[in-house]
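The values are calculated or read from the model by the stated rules, or taken from the named source; none is laboratory data. Only a predicted model underlies this, so the values are computations on that prediction, with no experimental measurement involved. Glycine also receives a Cβ, built like all others from the backbone with ideal geometry; neighbour counts cover every protein chain displayed.
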Amino acid sequence: MPSAKDIVAARKANLTTNQQLARENVNNLINLRGQSQGQRGVDINIHGTFARGEAWTKTGSAFDKENTRARNTASTNFQWSGGQTEASRVEAGKQLNAFLKDVNRPTINRSTSNDVNAIAHSHGGNVLGKALGAKSTPSIRNAVMLGTPQMSSGGKNTSWSANAADKVRGQIHNIYDNKDAVQVTTARANEHITGNMVSVDNKFSVKNSITPQNNIRVETGAWLPSVQAHSDMHDAKIGKLTNHLLGQDAKSSERIKTSTARANNSTAKFHGNLNNRASNVVFHKK
């Protein structure tokens, strides 16, 4: 007779990927319900390609601790397949659409504010754009993209539309590093292999009438273009920066109108430690 452990393993093996993802995300919602009461809002961490279950997305990770520090914010994560295809991202967008609706339910999001911030790494940022582009998707407060390949063709972004950008009530922050070898070069090569013939850039720009969009260049410390620079986009130092950006928005009801935002006038140098003082990050405002 098989043991209870063997039975559980067999049942898990028989689940489809989508069923497994649904189970993981339901557990994330249950955990969120337990921690969100009395908090000021909710942060959702979203992983990128080939990164399902990655540690940085989890509540209590080094990134998450720095990102939520002193903001009194609950956090959760959204899991998707991480497939390197347009079809995978489209399907993940549908799943994230449903996840955002669940996060907005008062029985789950019991924070004092219904504000939701989304922090997405790599192609997770494109999954977020697809989710927000659906007509039925609830709005969120802020969106932060970390090393997201900004894909466009003929001037029209393939993942983010004006409708998606307008679902962000606060600001869209796009954080990138010029030495990130994955964000543009690798992404472009993979998109062309899969037949998605689009341009890929590290800057975010979508024509819309509501949401300010900030492109923020950082230096993660990589000497040459590297994969490490891409991974560094979700380490604790970047968590300090996202904490500052989201904290500034939480303190101010007035939107910062800007076409380009840069840290420390031209770049955020992360060779040392970045603390949370406002003087460490300077925004050029228009």
Exercise for the section: May I ask you to verify whether S81 is at pLDDT 90 or above, among the small types (G, A, S) and farther than 18 Å from A131 by Cα? Expected result: no
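Quick grid of which residues meet (1) closer than 17 Å to A51 by Cβ; (2) buried (at least 22 other Cβ atoms within 10 Å of the Cβ); (3) in contact with a Pro (Cβ under 7 Å, 6 or more places away or on another chain); (4) without any contact (Cβ under 8 Å) to a residue 60 or more places away in the chain:
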| residue | (1), (2), (3), (4) |
| --- | --- |
| T76 | yes, yes, no, yes |
| A87 | no, no, no, yes |
| K101 | no, no, yes, yes |
| N104 | no, no, yes, yes |
| N109 | no, yes, no, no |
| A118 | yes, yes, no, no |
| G125 | yes, yes, no, no |
| L128 | yes, yes, no, no |
| K135 | no, no, no, yes |
Exercise for the section: Looking for whichever is in a loop (DSSP other than H, G, I, E, B), of a type in the set (D, E, K, R), touching a Gly at 6+ places or on another chain (Cβ under 9 Å) and under 12 Å from D43 (Cα atoms) here; the options are R110, R71. Which one fits? Expected result: R71
Completion exercise
Picked from region 140-189 (must be among the polar types (S, T, N, Q) and assigned to a strand (DSSP E or B)), the residue surrounded by the fewest Cβ atoms within 10 Å (Cβ to Cβ) is S153
Practice task
Consider T242 carefully, then state whether it is modelled with pLDDT of 95 or more, touching an Asp or Glu at 6+ places or on another chain (Cβ under 9 Å) and not aromatic (F, W, Y).
Solution key: yes
Problem - Residue selected from region 245-261 under the condition within 23 Å of K207 (Cα to Cα) and touching a Ser or Thr at 6+ places or on another chain (Cβ under 9 Å), by the criterion modelled with the highest pLDDT - result: L246
Exercise for the section: Go through region 113-139 and count every residue that is polar (S, T, N, Q) and part of a helix (DSSP H, G or I). Expected result: 1
Problem - Test: residue in region 101-119 that is closer than 18 Å to P149 by Cβ, of a type in the set (A, V, I, L, M, F, W, C) and more than 16 Å from the chain's Cα centre (by Cα) - result: no
Handout entry: Considering residues of region 171-218 that are touching a residue at least 60 places away in the same chain (Cβ under 8 Å) and polar (S, T, N, Q) only, the residue nearest to S153 (Cα to Cα)
Key = N196
Practice task
Give the residues of region 89-98 that are crowded, with 24+ Cβ neighbours inside 10 Å, among the hydrophobic types (A, V, I, L, M, F, W, C) and over 22 Å from T242 (Cα atoms), sorted by residue number.
Solution key: A92
Problem - Count - residues of region 190-209 that are in a loop (DSSP other than H, G, I, E, B) and more than 14 Å from E86 (Cα to Cα) - result: 8
Problem - When residues of region 219-231 are limited to those that are free of Cβ contacts under 8 Å to residues at least 60 places away in the same chain, crowded, with 18+ Cβ neighbours inside 10 Å and touching a helix residue (DSSP H, G or I) at 6+ places or on another chain (Cβ under 7 Å), the one farthest from I175 (Cα to Cα) - result: A222
Handout entry: Matching option when the condition is β-branched (V, I, T) and within 15 Å of the chain's Cα centre (by Cα), among V144, V206
Key = V144
Problem - When residues of region 192-218 are limited to those that are touching a Phe, Trp or Tyr at 6+ places or on another chain (Cβ under 8 Å) and over 19 Å from L128 (Cα atoms), the one surrounded by the fewest Cβ atoms within 10 Å (Cβ to Cβ) - result: R217
